[in-house]
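Structure, as structure tokens:
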Amino acid sequence: MLDKIGIAKRIAREVRDGMYINLGIGIPTLVANYIPPSLNVVLQSENGLLGIGPFPKESEVDSDLINAGKQTITMVCGSALFNSAESFAMIRGGHVDVTILGAMEVSQDGDIANWKVPGKMVKGMGGAMDLVASAKNIIVAMQHCSKEGASKLLKECSLPITGIRCVKKIVSDLAVLDVLPQGGFKLIERAPGVSIEEIKNATQGELIIEGEIPEMIF
Amino acid sequence: MINKVVSGADQAVHDVTNNSTLMLGGFGVCGIPENCIQALLKKGVKGLTCISNNAGVDDFGIGLLLKTRQVRKMISSYVGENAEFERQLLSGELEVELIPQGTLAERIRAGGAGIPAFYTPAGVGTEVAEGKEVREYEGKLYLLEQWLKADFAIVKAWKGDTSGNLIYRGTARNFNPMMATAGKITIAEVEELLPAGELDPNHIHTPGIYVQRIFQGSNYEKRIEQRTIIKD
């Protein structure tokens, strides 16, 4: 079973040279720490920056420079700043190669729910609906089951959805799965020490298993 | 050369009345018009509709106007950092309309650009789509969304000149440039106000045509919500 860092490390392996990437809040933000330095990628922050760098040193903190999670950041060499309309133009226009974000539920058709739990405080969707409606490739970082053990990989989402038919790949604490265009979670890899049986039991939606399923390699 | 300079925040917001619709620039509390928010607080206008990506924090930004219950309605994309906001929302004192961030930005841009509506994929199949026209283009579904305009757009820039030209700094730019175009009256507060001619025309982000009033603000706190650092 993977911890949050394990999920982030595995997602980092999906990153290819030359990609423009939007990272959501939480585990996706951690992915930046595990992208091999040999790859040239650019991280987009939807408030208006291409080229997010590491967190600043105390002496470098700049209140005019934050990411979409409102954290202080730095800019890498070759960065560009722009307004929020332009930022979402590059997202909607399909110029961002991959969006990595968290989810509360994903359906076997690729629907994602991650913005609202009815009956609890509603904080808003931020940029999530724009991102999932537009990105060419959406990778979700999530826990396979709730704390109570209920599957979050479902036939249909039970929570209000953020976007339809958009998730392409899921990296959970138990497995890597592709969401097939015709529907269904296709098992690609198992987390270290996790059996196919455990993944079956944790997946309520249709699980497709073909041939040998390898353990993840880092 | 048209001179847009007013004496300060009080004069800039002098004709904001009860029940006005305001746009307030900023993302979180980055790039917010701190001086004008203070002036609105002092003025005590009530029943405001505030269009702003966020609602500030409890004791800073729009949070200050929420505390004094001057805001009737917030139109935002994310409002998660404010306990007083939550209380008023749950008790029904405050109305809130949540809009996907990119749709919010584009609706404001459209308002300033004279485009009454546009189609966007954001929110298709979700509760955001309820009651909206859906249309298919090249096999994909899109929602019809309408422009947003305001009685007053209140923005914050880094530098400005007496003609109202503006330059923003870092990610404090965010919603400010679009909002500047979408107000019947646009008020700009700047950290440094310069005589016309001192800013390089090649570097202007907001051309002065959009700005009716400008002043140099003071005592900027520029609070940081999430101070994340690595060790020196």
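List of remarks:
- Sole residue being crowded, with 17+ Cβ neighbours inside 10 Å, at positive phi and either assigned to a helix (DSSP H, G or I) or within 12 Å of chain B (Cβ to nearest Cβ) (or both), chosen from A:94, A:110: A:110
Conditions tested, residue by residue: (1) charged (D, E, K, R); (2) more than 16 Å from residue A:6 (Cα to Cα); (3) in contact with a Ser or Thr (Cβ under 6 Å, 6 or more places away or on another chain).
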| residue | (1), (2), (3) |
| --- | --- |
| A:160 | no, yes, no |
| A:164 | no, yes, no |
| A:182 | no, yes, no |
| A:186 | yes, yes, no |
| A:190 | yes, no, no |
| A:199 | no, yes, no |
| A:205 | no, yes, no |
| A:208 | no, yes, no |
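- Test for residue B:114: is it away from chain A (no Cβ under 14 Å), modelled with pLDDT of 95 or more, out of contact with any Gly (no Cβ under 8 Å at 6 or more places or on another chain) and open to solvent by 60 Å² or more (accessible area, probe 1.4 Å): no
- Cβ-Cβ contacts under 8 Å between residues 6 or more apart (or on different chains), taken from a first residue in the stretch B:59-82 that is within 28 Å of residue A:162 (Cα to Cα) and free of Cβ contacts under 8 Å to residues at least 12 places away in the same chain to a second residue that is aliphatic (A, V, I, L, M) and surrounded by 24 or more Cβ atoms within 10 Å (Cβ to Cβ), are absent.
- From the list A:168, A:152, A:186, A:147, the one residue that fits, being open to solvent by 20 Å² or more (accessible area, probe 1.4 Å), more than 18 Å from residue B:125 (Cα to Cα) and within 16 Å of the chain's Cα centre (by Cα), is A:152.
- Residue identified as more than 12 Å from chain A (Cβ to nearest Cβ) and open to solvent by 20 Å² or more (accessible area, probe 1.4 Å) among B:164, B:92: B:92
- On the stretch given as the stretch B:204-232, residues that are within 12 Å of chain A (Cβ to nearest Cβ) and touching a Lys or Arg at 6+ places or on another chain (Cβ under 9 Å) total 9.
- Options A:171, A:194; residue that is closer than 21 Å to residue A:2 by Cβ, in contact (Cβ under 8 Å) with a residue 60 or more places away in the chain and outside any strand (DSSP E or B): A:194
- Boolean, residue B:96 is assigned to a loop (DSSP other than H, G, I, E, B), of a type in the set (A, V, I, L, M) and touching a residue at least 12 places away in the same chain (Cβ under 8 Å): no
- Some residue of the stretch B:136-158 being among the polar types (S, T, N, Q), within 11 Å of another protein chain (Cβ to nearest Cβ) and farther than 24 Å from residue B:40 by Cβ: no
- Boolean, residue A:210 is within 24 Å of residue A:109 (Cβ to Cβ) and open to solvent by 10 Å² or more (accessible area, probe 1.4 Å): yes
- Residue check for residue B:127: farther than 18 Å from residue A:88 by Cβ, free of Cβ contacts under 8 Å to residues at least 60 places away in the same chain and at the interface with another protein chain (Cβ under 8 Å from one of its Cβ atoms): yes
- Count of residues meeting criterion [open to solvent by less than 20 Å² (accessible area, probe 1.4 Å) and in a loop (DSSP other than H, G, I, E, B)] in the stretch A:69-91: 3
- Residues (outside any loop (DSSP other than H, G, I, E, B) and open to solvent by 30 Å² or more (accessible area, probe 1.4 Å)) located in the stretch B:1-52: B:5, B:10, B:11, B:21, B:38, B:41, B:42, B:43
- Qualifying residue in the stretch B:58-72 (condition: closer than 21 Å to residue B:171 by Cα, out of contact with any Gly (no Cβ under 9 Å at 6 or more places or on another chain) and either open to solvent by 20 Å² or more (accessible area, probe 1.4 Å) or not in a helix (DSSP H, G or I) (or both)): yes
- Test: residue B:104 is part of a helix (DSSP H, G or I) and without any contact (Cβ under 8 Å) to a residue 12 or more places away in the chain: no
- Scanning the stretch A:117-138 for residues that are open to solvent by less than 50 Å² (accessible area, probe 1.4 Å), within 8 Å of chain B (Cβ to nearest Cβ) and part of a loop (DSSP other than H, G, I, E, B) gives A:121, A:122, A:124, A:125, A:126, A:127.
- Residues that are surrounded by 20 or more Cβ atoms within 10 Å (Cβ to Cβ) and within 14 Å of chain B (Cβ to nearest Cβ), drawn from the stretch A:30-55: A:43, A:44, A:45, A:46, A:47, A:48, A:49, A:50, A:52
- Taking the stretch B:119-232 and the strands (runs of 3 or more DSSP E) fully enclosed by it, the elements with 2 or more residues that are of a type outside the set (A, V, I, L, M) and under 16 Å from the mean Cα position of the chain (by Cα) are at B:150-161, B:183-194.
The values are calculated or read from the model by the stated rules, or taken from the named source; none is laboratory data. Worth saying up front: this structure is predicted, and the values here are computed from it rather than measured. All Cβ positions, glycine included, derive from the backbone under ideal geometry; neighbour counts span all protein chains shown. All accessible areas refer to the heavy atoms of the entire protein, side chains included, with ligands and DNA or RNA removed. Shrake-Rupley method; radii C 1.70, N 1.55, O 1.52, S 1.80 Å.
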